[in-house]
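All remarks here apply to the structure that follows.
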Amino acid sequence: MNTDLSLYLLAIRGTLASKTLEAARKVHNETAGAPPNIAAAQSLGDVSHMVHVPMEPAAQGAGELLILDMWSSMEGLGKFFADPHVQEGGSAIFSQRDPVVWTPAQGFTSYHIPAPYGQNERIVTTVRGTLSSLDEACGLHNRAIAATIGKARKAGNLSHEAYLRAAAPGTPEALEFFAVDVWMRADDMMGYYDDPEFLAGFDHMFTTEAETGAWQHPKGEWVEW
């Protein structure tokens, strides 16, 4: 029996096919959120399924959706999404989507801090970009996180997780980086990200400007686990 536990992040970002967010909610709950589909995913290693929408409302249509799934089995993940019915469900939710599997970035600092009682707001921020150098980026990243974790916590930060794309070593894709932060106060969070000390700490980490996003839970009852 394998006693080692590895968790993999499946991030699916895409444009919703429905005209409204409420319509998209219903489609999501009837496909990804249907009890038989949840049972099938969980039996193959899906331990968490969370949905997010941009903090800035869409100018038209339902806008974007970000799904963050945690899996304990890469084999199970592949088997589940190879199912044509699962692919059909994804096409019903999204008009276009970018699913990427990420593995924890070894050597990069990640952390989780308990939330104070009653602090229930949750905002997720993401950063995605290609690293200039794995070793150099690891040093820059860890020094910046260590230097600013106190400020981050005061601004409402709960966690920081660093990932690398699941790809063959030595390939360009293997240098793709993804970070997920969770916050409990939106206003203070934005002040932290504008802090010159924070920004300077990540100079030269990426080959080009990284893609960033700020996300929140959508209105209504979306099936999650």
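The values are calculated or read from the model by the stated rules, or taken from the named source; none is laboratory data. It should be emphasised that the depicted structure is a prediction, and the values quoted were computed from it without experimental measurement. Neighbour counts are summed over all protein chains in view; Cβ atoms, including those assigned to glycine, are modelled from backbone coordinates with ideal geometry. To get the accessible areas, we keep the full protein, side chains included, count just its heavy atoms, and leave off ligands, DNA and RNA. Shrake-Rupley method; radii C 1.70, N 1.55, O 1.52, S 1.80 Å.
For the chain, which whole-number percentage of the solvent-accessible area (1.4 Å probe, protein heavy atoms only) is attributable to carbon and sulfur atoms?
Details: 6730 of 12090 Å².
Exposed carbon and sulfur together represent 56 percent of the surface.
What base-10 log of the normalised intensity I(q)/I(0) is obtained for the range 176-225 from the Debye formula, alpha carbons as equal point scatterers, at q = 0.13, 0.16, 0.33 Å⁻¹?
Log10 I(q)/I(0), no solvent term: -0.46, -0.66, -1.37.
Diagonalise the Cα gyration tensor of the range 121-182 and give the resulting equivalent ellipsoid semi-axes, square root of 5 times each eigenvalue, largest first, whole Å. Display every interim value, and only then the final one.
Values: eigenvalues 121, 41, 9 Å².
With the √(5λ) rule applied to the range 121-182, the semi-axes are 25, 14, 7 Å.
At 7 Å along the Cα-to-beta-carbon direction for both F81 and A167, put a label point, then send me their distance in nm to one decimal.
Using points 7 Å along Cα→Cβ, the separation is 1.5 nm.
Read through the labelled values (1) 106; (2) 190; (3) 148 and report the label of the one computed as volume of the Cα convex hull per residue in Å³ from the structure.
Comparing each candidate, only (3) matches the computed number.
Report, in deg cm²/dmol and to the nearest 500, the calculated mean residue ellipticity at 222 nm for the chain, where each DSSP H run with n ≥ 4 adds -39500 (n - 2.57) and the sum is divided by the residue count.
Mean residue ellipticity at 222 nm (helix-derived): -9500 deg cm²/dmol.
Taking 0.36 nm per residue of separation and subtracting the Cα-Cα distance, what length does fully extending A58 through E209 add? Walk me through the numbers on the way to the answer.
Numbers: separation 151, 0.36 × 151 = 54.36 nm, distance 2.32 nm.
Gain on stretching A58 to E209: 52.0 nm.
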